[in-house]
Every structure is written in structure tokens, then in C-alpha cells.
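For reference, the structure discussed in these notes is given below.
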Amino acid sequence: MDVIQEVSVVGPRQFRNNDVAIGAGNEFWTACRSNGLAGIVANLTGDGMLEDPDGFRFLNLSCCSYLDLDSHPQIIEGAIEALRKYGVLDHCISRIRIQLPMLLELEEALGGLFDARVVSAISASAATAGVLPLLASGHLTRGERPLMIFDKFAHFSMNLFKPVCADETTVLTCPNNDLNFIEDQCKRNHKVAYVTDGTFSMGGHADVAGLLELQDRYGLFLYFDDSHSLSVAGSRGEGYVRSQIASLSDDTIIVATLNKAFGSSGGAIMLPKSRTDMEDILTRFGGPLAWSQPMNTAAVGASLASAQLHDSPELKLRQSQLDANILRFDAQVLTPQRGNGFPIKVVPVANTRVVSCAQELLRRGYYVSPVFFPIVPRSQAGLRVMLRSGLSPAAVDHLCKSIIDVVGQDVEVKHDQDATVQ
Ligand SMILES: *Cc1c(COP(=O)(O)O)cnc(C)c1O
């Protein structure tokens, strides 16, 4: 049975099916672990490598810290200094009641950087858990419950809340980036909200210009999770979506993790400056946004240090190094993602060989994550490689050479696949 295929079920399991998800996932992870490709234990060595307890050193090419800010000395120092200054990691009380001044300082700094009103969260997932149910119930759309449309490719952290949203309003799923579907629903419903990734994990973006047009015409509410492009895109690291919107309208929210390219920990919710009402509702009723754990002192200190780096020439420098590494990789290894400007590449490898290829690459010092059936359809199996700004040109060249050497004849990309990648 191809578990990837959708089945329509009435009643329970309209929006999730753990039997199917765990059936596929368990098989995949068990295969990874039994082949030494999951469950790895290793420390960072300080020179960009990882080292396991036996002293085996390797390069991690499955890490989302695209700008290598995660180990930046100023960010580490920011975390330590904040802990020393405030003397507590987490004072365990809802921020509605009492909050450390540093949390407000961070939200101010991020707001300046992203030109928005920013509310922090402990993660992008927690931000989504807080926002989506309140969007569904109409509390972010002035009392009008919107029909909610989730993009088919929306990240799991959003899909997880479909059943919760569906308890408040009608929830639909649309094909990826299908503006006609969305417009059709806008014509039939007074208020519609669309939930999507801003930048998809395999490259490609939401059609921001087209969506803004629908917003102009029909008052479409837009909820973007742009976790994958924060820091990577935009002159101040505001991410792809924010960089495409002149000023956030009343009906737009962008969330993003601070844990990927931003290099710290936590999440940011960008709200329109005009909607101070949203902030109160979110911090009072937004589930994990309102509970007793705000971003902890170390995360806030690290994030403040990262915000400073985002406001310095270092951001542009790292963005350019990443771009150069992406181009360098693309020039040598053919993937369906070639030319899309995004750091995640999947080198196609036959399902039967993907585990042994990943093992051989690890033996040669490169950890790349194999993706294979049943977690993806057999035709999409391959080695997922995530590029970072800190890789030297020589390291990228050696990586490419090793991939070609190990994968060999399997590097073959159909041109019709190229065309689907934006
Ligand atoms: C990585 C990712 C997340 C998870 O972010 P957390 O801050 O760890 O919750 C959420 N959404 C998208 C689109 C992501 O890529």
C-alpha cells in the first residue's frame, strides 16, 4: 500500500490519522537507526565538525542553521551574559502577569528589524498553536469566523491544528499555491483565511503578490510561517514574505522560528502595527503564548545578540557566502532544486540504494539525511543535503565530488521536475 496517498474519511480522522503516519514513520526511522543514520551521538568540536564518542569526526549537512549563527561567539556570549545579569533561566510565571524587561527589549529589537509589532514565543510551533485557534474562532478577524484554507504543503506544525480549527470553523485544504481555489472560496464566503508556509522546505515560495491582490479584493486573511527563510532572505533578515510586503495590513500575520538561520531559540510573531488588539488576545488566550513559559533568559540573550548581528554588515556577508555555496553546489550536482536559490537539495537516489549511499558518505565524513519510502514516495527517494554559509568552497567541492563518486549513475534529473520548482 502506498501510504502517501490520501484517503477520505468521514467523522473522526478527518484531519489526521496516526495509524498511517506512524506506520510510515516508524518503518523509516527504524531503517535509519539500524543502519547508523539516526540515533547518532556527537559533540560540536568548535571547528564546524561533529565528533562521536569514538573520535570519528564528520561534517553535518543536515542542519538548518543556514548562516552558521548557531555557534557564533557573540550569540553564545549573549546567552551567558543574560543568565548572569538576570540570575534566572526561567522565572515560571505567565507573562500576562509579570515579565522580565529583557523580553520586551527583544520584541522591540525584532520589531525594528522586521518593521512589525513582534510578539515572541518559545518556538514557531508554539506561535502557531497560539494563533491558529484564535484565528479560527474569529478573534483576530474582528469577530467574524473565517473559512480556513490550509495549503496542502503547509508544515506539520500548522496541520496539527486543523482539527482544533475545525472545531471552530470550516477547514479546507487546497492544492499547493492554488490561487484559483482560494479566490473561488473568497467569492463564496465573506471572510477567508489562508494558512501556508512562506518558503517551502524543498524551495519555492507562497505567491505573495497574488495573495496580496486577493487580500485587496476580498479581505483575505493571510497566515504565513516563513521559518525557512528568516535571516536567509531580506536585507535585514526579515525573510522572504516580509521582504515582499511593503507594510503588513490588518489581515496579515507572519510567524517564524528563531531556531534555524537566526541562530538562537524561540519564535517570532510579526503582527501589523495597527492591530494592538491582536497582541492582548494572543498573550491572554493564545495557549502556550499565555502559559507559564516565555522564551527563557538564555534564549532572549542569544536572540538579542543575533538581532544585533542582523543589523550589521555580517548578515549580508553570511547571506552572500550561503548564496555562493548554493551556486557552487548547483554547478556540480544535479538536483530538482537546482537554481532555486534555496539551501536544501535532494540528490535523487533509487530507493534501494539510498541507505547504503548515505552510509558511505558518512564513512567519508559527510552526514546527509536519506529520505526514502515510506516517508516519501519511492520516486522521490534521495539524499537531502543542507548547505550553510560557513562551508569553505573547498569543502563544498569535496562534498560534491564525494556525492558524485558515491551516487554515480543515479544523479539524473528530469527536466519537467525542474519546471515545477520556482
Ligand atoms: C522548522 C519549522 C518549524 C519548527 O520551528 P520550531 O521553532 O522548532 O517550532 C515550523 N514551521 C516551519 C515551516 C519550519 O520549517
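The values are calculated or read from the model by the stated rules, or taken from the named source; none is laboratory data. Keep in mind that this is a model prediction, so the values were computed, not measured. Cβ sites come from the backbone with ideal geometry, for glycine too, and all protein chains shown count toward neighbours. Heads up: the accessible areas ignore ligands, DNA and RNA and are worked out on the full protein's heavy atoms, side chains in. Shrake-Rupley method; radii C 1.70, N 1.55, O 1.52, S 1.80 Å.
Among the residues of the range 292-303, those that are assigned to a helix (DSSP H, G or I) and either β-branched (Val, Ile, Thr) or crowded, with 24+ Cβ neighbours inside 10 Å (or both) comprise 297, 299, 300, 301, 302, 303. Filtering the range 91-133 to residues that are among the charged types (D, E, K, R) and either under 25 Å from the mean Cα position of the chain (by Cα) or within 16 Å of the ligand (Cβ to nearest atom) (or both) leaves 105, 107, 108, 115, 117. Note on the range 134-161: residues that are open to solvent by 20 Å² or more (accessible area, probe 1.4 Å) and within 16 Å of the ligand (Cβ to nearest atom) total 7.
For the range 211-237, a tally of residues being among the charged types (D, E, K, R), away from the ligand (no atom under 16 Å from the Cβ) and buried (at least 22 other Cβ atoms within 10 Å of the Cβ) returns 0. Within the range 257-287, the set of residues being within 10 Å of the ligand (Cβ to nearest atom) and touching a Phe, Trp or Tyr at 6+ places or on another chain (Cβ under 8 Å) comprises 260, 268.
Of the residues making up the range 335-354, just one is open to solvent by less than 30 Å² (accessible area, probe 1.4 Å) and either hydroxyl-bearing (Ser, Thr, Tyr) or within 16 Å of residue 24 (Cα to Cα) (or both), namely 335.
Among residues of the range 258-282 that are more than 14 Å from residue 127 (Cα to Cα) and open to solvent by less than 10 Å² (accessible area, probe 1.4 Å), those with a Cβ under 9 angstrom from a residue that is in a strand (DSSP E or B) and more than 16 Å from the ligand (Cβ to nearest atom), sequence gap 6+ or separate chain, pair up as 272/117; 272/252; 275/117.
There is no residue in the range 188-199 that is within 16 Å of the ligand (Cβ to nearest atom), modelled with pLDDT of 95 or more and open to solvent by 20 Å² or more (accessible area, probe 1.4 Å). The one condition from (1) out of contact with any Lys or Arg (no Cβ under 8 Å at 6 or more places or on another chain); (2) within 18 Å of residue 219 (Cβ to Cβ); (3) in contact (Cβ under 8 Å) with a residue 60 or more places away in the chain that residue 141 does not meet is (1).
Note on the range 140-161: residues that are in a strand (DSSP E or B) and β-branched (Val, Ile, Thr) amount to 1. Criterion first (within 14 Å of the ligand (Cβ to nearest atom) and under 23 Å from residue 122 (Cβ atoms)) does residue 254 satisfy it? Yes; evaluated as a whole, the condition is true for this residue.
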